[in-house]
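Engineer: One structure, as structure tokens, below. Some questions next.
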Amino acid sequence: MTAPVDLGELDLSLAAMLAGLAMAEEVERRLAAAGFDDVRFSHGFVFQHLLREPLTVGALARAMGVTQQRASKAASELEALGYVRREVDRNDARVRRLVLADRGREAVAAAREARAAVTAELRERLGARRVGAAERVLREVVTELGAEDAVRARRVRLPR
């Protein structure tokens, strides 16, 4: 039997990751309550790329840093769930582009609202100053580790 984890011994990397996962789980729970019970955390990695512009499966794969087969599988799943749709390219009828459907845009809006609500509740319970300080430190970590450009360009990927 393994010993329980002492939260006081978590280093910054683990504490940040576990806090982020706990917040993501709470957002996912709220999304389910709002009628988006089939959306998963990993879907957000597709949504972030389609927010800017419609993409072909190949362009989505490049943006996500995955194989075309993996991007195609994700796109088909999201299409079946009604979050994305395929549209014929205006300039080339042979090309199909993935577009966020209304349901996809609604899920993104609901996720943003849920994240804001969770953060507001944490501010209330932990104090606005402390939550603000945590946000600033974590943003600085993003910059110090060179991930700022990936965040700005919406090119954040799941770890391998």
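Engineer: Which one is right for this structure if semi-axes √(5λ) of the Cα gyration tensor in Å is calculated from it: [x] 38, 18, 12; [y] 21, 20, 15; [z] 33, 18, 16?
Structural biologist: The value matching this structure is [z].
Engineer: Tally Lys and Arg at +1 and Asp and Glu at -1 over the other residues with C-beta under 15 Å from the C-beta of L100: what net charge comes out?
Structural biologist: Summing Lys and Arg as +1 and Asp and Glu as -1 gives +3.
Engineer: Sticking with this one: Go through V151, A133, T119 and say which Cα lies farthest out towards the positive end of the charge dipole of the chain; charges sit on Cβ, +1 for Lys and Arg, -1 for Asp and Glu.
Structural biologist: Result: V151, furthest along the dipole toward the positive end.
Engineer: Which net charge results when you count Lys and Arg as +1 and Asp and Glu as -1 among the other residues whose beta-carbon is under 15 Å from that of L126?
Structural biologist: Value of the local net charge: +1.
Engineer: Just how far, in whole angstrom, is region 115-129 from region 1-72 if you go by their alpha carbon centroids?
Structural biologist: 21 Å
Engineer: Given +1 on the Cβ of Lys and Arg, -1 on the Cβ of Asp and Glu, and no further charges, what dipole in debye does the chain carry about its Cα centre, rounded to the nearest 20?
Structural biologist: Approximately 640 debye in magnitude.
Engineer: Name the residue from T2, S13, G82 whose Cα lies farthest towards the positive end of the charge dipole of region 1-102, charges +1 on Cβ of Lys and Arg and -1 on Cβ of Asp and Glu.
Structural biologist: In region 1-102, that residue is G82.
Engineer: May I pose another question? So for the chain, taking the charge dipole from beta-carbon charges (+1 Lys/Arg, -1 Asp/Glu), which of A93, A110, M23 sits furthest toward the positive end?
Structural biologist: Result: A93.
Values in this text are rule-based calculations from the coordinates and carry no lab data. Model, not experiment: these values are computed from the prediction. Every residue, glycine among them, receives a Cβ derived from its backbone with ideal geometry; neighbour counts consider all protein chains shown.
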